[in-house]
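The values are calculated or read from the model by the stated rules, or taken from the named source; none is laboratory data. Here the structure is a predicted model, which means the values were calculated and not measured. Every residue, glycine as well, gets a Cβ built from its backbone with ideal geometry; the counts of neighbours run over all protein chains shown.
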Amino acid sequence: MKHVIYLLSMAILMAIGSSCYADVYYVQNVDTTINNPQPVEGINYFLLDINDDDIIDYKIGARYFLSHEGIHSPYDAFEVFVWGESNNTVSAGPYQLDDSIDSTLYYERSDVLVGRLPEYGIIGAWAVSQDFIDSYLFVGLRVEINSQFHYGWLEIKTDGLSFTLMSYAFNDQADQPIIITQSY
């Protein structure tokens, strides 16, 4: 009898314990490259529907423009950015492998990942790295789904003027953190 009770209690604990693990929606090998529209002023976007509900959640863009800021003559400027649609927001970090994306981070509607502006030089999350060419960046996401926030991440590679979306994921359980590169 003790053996049966032990087995039943273990089964119950396993059932309870398994509900604590995150259901992560993960997409790998996206390999979508967006080129900067240079030499023509403009923006090229990748539209991301992170949870496949036919609603665009994020715009990831490469923008080229002539800047007329400051005392400089018109200056070639560019930026690679992530823009959250509706109540979706982004936290550019920069973040590293195994960092947690959760409610404690600072989120904005949009964030510049890398850019060059005449008055500021190289700007954005990649600006902390002097060698951002062919480097990877992880961006934190806060996605609103059914009036609840879910946390996720993007893996992006840049050559300085264009970007490639490599992979992304989000936690299917509301208000639960996700670890960068967590895929299950």
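I'm checking my understanding of the structure. Among residues of the stretch 140-159 that are in contact with a strand residue (DSSP E or B) (Cβ under 7 Å, 6 or more places away or on another chain) and at pLDDT below 90, which one is surrounded by the fewest Cβ atoms within 10 Å (Cβ to Cβ)?
The selected residue is 157.
Mind listing just one residue for me: the one in the stretch 124-139 that is surrounded by fewer than 19 Cβ atoms within 10 Å (Cβ to Cβ) and part of a loop (DSSP other than H, G, I, E, B) and, of those, modelled with the highest pLDDT?
134
Might you let me know whether the stretch 104-114 holds any residue that is modelled with pLDDT under 90, polar (S, T, N, Q) and in contact with a Ser or Thr (Cβ under 8 Å, 6 or more places away or on another chain)?
Within the stretch 104-114, none of the residues are modelled with pLDDT under 90, polar (S, T, N, Q) and in contact with a Ser or Thr (Cβ under 8 Å, 6 or more places away or on another chain).
Can you name every residue in the stretch 157-177 that is part of a strand (DSSP E or B) and under 15 Å from residue 57 (Cβ atoms)?
Scanning the stretch 157-177 gives 165, 168, 169, 170, 171.
Limited to the stretch 84-107, what total is found for residues that are in a loop (DSSP other than H, G, I, E, B) and on the phi < 0 side of the Ramachandran plot?
Selection size over the stretch 84-107: 12.
Taking the condition modelled with pLDDT of 80 or more and not small (Gly, Ala, Ser), does residue 96 pass?
In short, yes.
Take residue 81 and tell me if it is part of a strand (DSSP E or B), touching an Asp or Glu at 6+ places or on another chain (Cβ under 6 Å) and surrounded by 15 or more Cβ atoms within 10 Å (Cβ to Cβ).
No; evaluated as a whole, the condition is false for this residue.
Check the stretch 53-70 and report whether any residue there is closer than 18 Å to residue 169 by Cα, surrounded by 11 or more Cβ atoms within 10 Å (Cβ to Cβ) and at pLDDT below 85.
no
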